[in-house]
Each structure stands twice: as C-alpha cells, then as structure tokens.
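Down below is the structure, laid out as structure tokens.
The values are calculated or read from the model by the stated rules, or taken from the named source; none is laboratory data. None of these values were measured; they are calculated from a predicted model. Every residue, glycine as well, gets a Cβ built from its backbone with ideal geometry; the counts of neighbours run over all protein chains shown. Note: accessible area is taken over every heavy atom of the protein model, side chains too, but ligands, DNA and RNA are not part of it. Shrake-Rupley method; radii C 1.70, N 1.55, O 1.52, S 1.80 Å.
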Amino acid sequence: MTKIRIAIQKSGRLNEDSIKLLKDCGISIDNGKDQLKADARNFPMEVFYLRNGDIPQYLKDGVVDIAIIGENVLIEKGEGIAIHEKLGFSKCKVSLAVPKGTQYSSVQDFQGKRIATSYPNTVKKYLAGKNVVSDLHIINGSVEIAPNIGLADAICDIVSSGSTLFKNNLKEVEVMFTSEAVLAVSPKISEDRKSILSKLQFRIQSVLTARQSKYILLNVPNDKLDAIIKIIPGMRSPTVLPLAEEGWSSVHTVLDKHTFWEVIDELKQAGAEGILVCPIEKMVL
Ligand code: PRP
C-alpha cells in the first residue's frame, strides 16, 4: 500500500505541537522513544523524525513527501519547496539584535559589522536588499552568546518570547520576517501520494478551523432575540430553541476566538444570560 512520508522535527520547539496536530487529525502513530521512523496505524502514513536543518534537503530529494517545519528553515534552505498550509503554531520572528548599549539608527549600521547567525542565506539576502554588506559568522546554536564573548557585533536568530535576547543583554533592532510552522511539500511528490496529501489537508483544515472557534450557548428573553441574533451571525445563522420556561429561548452559535470577548460583552449588554462556552473538536465546512 502506498503511504505518504512525512518528516517532523525529532526534538525541539515544533516536535510536540506537530505530533499533537497529527493526533487531532485522528492519526495514531506508534511512537517508541528514540525511534526515527514510525508507521501510522489508521492512515497511510510513515513518520520520519529528523533534525530540523536536514528536513529541506530530504524534501528536495523526495526522500520524504511532506514535512511540518518552520517557515524560517524553509526561507534559509528550502528553495523550490512549496508551502501548502500555515499551521498556526510555533510563531516567532527572525530578527537582528545588538548589545543593549549599542547606539542604533538604521539597518545601514550593519555595514561591515560581524553578525553571528545560523541563517546566513537569509541575512545575506536581507542585507543585500538594503545595500549592506556584513561579515557573517555561521554558528549552529547558542548564537546569542557571540557578542558577549567578542565573536560578533550583532546576531541574527529567531525570537519567540524574547527571553534569550534579554538574558544575553541584547536588543532586537530589525525584524526581518515572522515565521510559523507550515506544511511543506516536496517538488517530487508522486500523484498517488498527492491524493493522500489532500485527505490529510482536509483533516488539518478541519482541526485548524475548530481551533480558531468556540461554540457558545446562551439564554435570551424572546423580546431580545432579534437584537442578539444581529450580534452573532454564526456559520450560517444561529440555532434558536425554545426553553421550558415560557418567553425564553436558547441560542447556539460559533464564534471566532479572536473577537470572542468583545462579542460576549455585547451579548451580555443586549440581555443574554447563562452563557456557556465550549471548545470545538473539528469543524468540517
Ligand atoms: C531558539 C533561538 C533562540 C531562542 C529564542 O533556540 O535559537 O536562542 O530559541 O527564543 P526566545 O525568544 O523564546 O528566548 P531553540 O531553543 O529553538 O534551540 P536551538 O539552539 O536549537 O535554536
């Protein structure tokens, strides 16, 4: 039987969320500790646990068909690899930072400066676009220590919470781009595996849409129903059911989690009571 081969990060910041996404898609993986390859039990899929930086090459060579990987790694090493889906987790920035005491006015200040980074292609291209040439020092980890030990004047690395910069007495001065986990696809994927990919993408989209949404139930006196319904359009229109108590209804709908609190405030003001909020597991549109 044909199986789709997916690469996920062996360890690091994407590993747990990648496994969780597959699990939420209903895919069970026999996942022994230290295993580098595992089969899914109920989906035609083989999972390869690989080092982050190696994944783009495996995709280019067609050794794996798809991968869950940070956009930042693809921008650095993934020319020609298509992104089919943004996955909404592992959000970070890729930034340039300098020691806190350094005077900084513009990106031109990097001219001729030594920059330590694990993202040489990205930095070179970004600075070339601004007509700046710097001296790049390629380091594969703990980049933020470089200015403190006199190895560099600045660094370029990913910034998530900002705590690594803070602890190393650095300040972010340029955000080159923002990044998140994506579903990347090999240019060599075969036709039969593409059909497995579309099944997987359908499941991923259902999971991601559900993660963005909340199911709410609320009680409303009937004379306020019209005003409440105007506030909550829902997927199509809200469900309205009569309560046992005369003159009251129960209204059910789906809300976007980003506007959720504003809408709840409006609903309360418009007379809604007993508001219940529930997570949604899947949403098939
Ligand atoms: C990354 C990056 C920074 C840090 C930034 O390292 O290299 O050091 O995270 O995150 P923060 O802004 O939340 O402090 P990671 O922990 O992914 O390990 P790495 O050494 O493999 O890059």
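Each residue in region 232-254 was checked for being within 16 Å of residue 275 (Cα to Cα) and at pLDDT 90 or above, and 12 of them qualify. If you check every pair at least six apart or on different chains, which have Cβ atoms under 7 Å apart with a residue in region 39-61 that is more than 18 Å from residue 19 (Cα to Cα) first and a residue that is in a strand (DSSP E or B) second? Listed pairs, sorted by first residue: 58/7; 58/50; 59/67; 59/184. Please enumerate the residues belonging to region 111-120 that are more than 16 Å from the ligand (Cβ to nearest atom) and either over 16 Å from residue 173 (Cα atoms) or touching a helix residue (DSSP H, G or I) at 6+ places or on another chain (Cβ under 6 Å) (or both). Of everything in region 111-120, just one residue is more than 16 Å from the ligand (Cβ to nearest atom) and either over 16 Å from residue 173 (Cα atoms) or touching a helix residue (DSSP H, G or I) at 6+ places or on another chain (Cβ under 6 Å) (or both), namely 112.
Reported count of residues in region 234-255, each being touching a residue at least 40 places away in the same chain (Cβ under 8 Å) and in contact with a Ser or Thr (Cβ under 6 Å, 6 or more places away or on another chain), is 1.
I need the strands (runs of 3 or more DSSP E) fully contained in region 174-285, keeping only those with at least 1 residues that are closer than 30 Å to residue 96 by Cα, touching a His at 6+ places or on another chain (Cβ under 7 Å) and charged (D, E, K, R).
Values: elements: 181-185, 213-221, 239-242, 248-256, 273-279.
Passing ranges: none, list empty.
With respect to residue 186, is the statement that it is surrounded by fewer than 18 Cβ atoms within 10 Å (Cβ to Cβ) and in the same structural domain as residue 54 (by TED's automatic domain parsing) true? Quick ask: steps written out before the conclusion?
Details: surrounded by fewer than 18 Cβ atoms within 10 Å (Cβ to Cβ): no; in the same structural domain as residue 54 (by TED's automatic domain parsing): yes.
No, not satisfied.
Could you list all residues from region 218-244 that are open to solvent by 100 Å² or more (accessible area, probe 1.4 Å) and either touching a strand residue (DSSP E or B) at 6+ places or on another chain (Cβ under 9 Å) or basic (Lys, Arg) (or both)?
Pass one, region 218-244, residues open to solvent by 100 Å² or more (accessible area, probe 1.4 Å): 223, 226, 230, 235-236, 242, 244.
Correct list: 230, 235, 236, 242.
Within 15 Å of the ligand (Cβ to nearest atom), at pLDDT 95 or above and farther than 30 Å from residue 271 by Cβ: is that true of residue 179 in this structure?
yes
Only one of these is within 19 Å of residue 179 (Cα to Cα) and in contact with a helix residue (DSSP H, G or I) (Cβ under 7 Å, 6 or more places away or on another chain): 12, 26. Name it. Spell out how you get there, then give the answer.
Values: 26 fails: within 19 Å of residue 179 (Cα to Cα).
Sole residue among the options that is within 19 Å of residue 179 (Cα to Cα) and in contact with a helix residue (DSSP H, G or I) (Cβ under 7 Å, 6 or more places away or on another chain): 12.
Considering region 129-173, the residues that are of a type in the set (D, E, K, R), open to solvent by 40 Å² or more (accessible area, probe 1.4 Å) and in a strand (DSSP E or B) include one that is farthest from the ligand (Cβ to nearest atom), namely 135.
Scanning region 84-111 for residues that are surrounded by fewer than 17 Cβ atoms within 10 Å (Cβ to Cβ) and out of contact with any Leu (no Cβ under 7 Å at 6 or more places or on another chain) turns up 86, 91, 101, 102, 103, 104, 105, 106, 108, 111.
Scanning region 10-26 for residues that are within 14 Å of residue 211 (Cβ to Cβ) and surrounded by fewer than 13 Cβ atoms within 10 Å (Cβ to Cβ) yields a single hit, 20.
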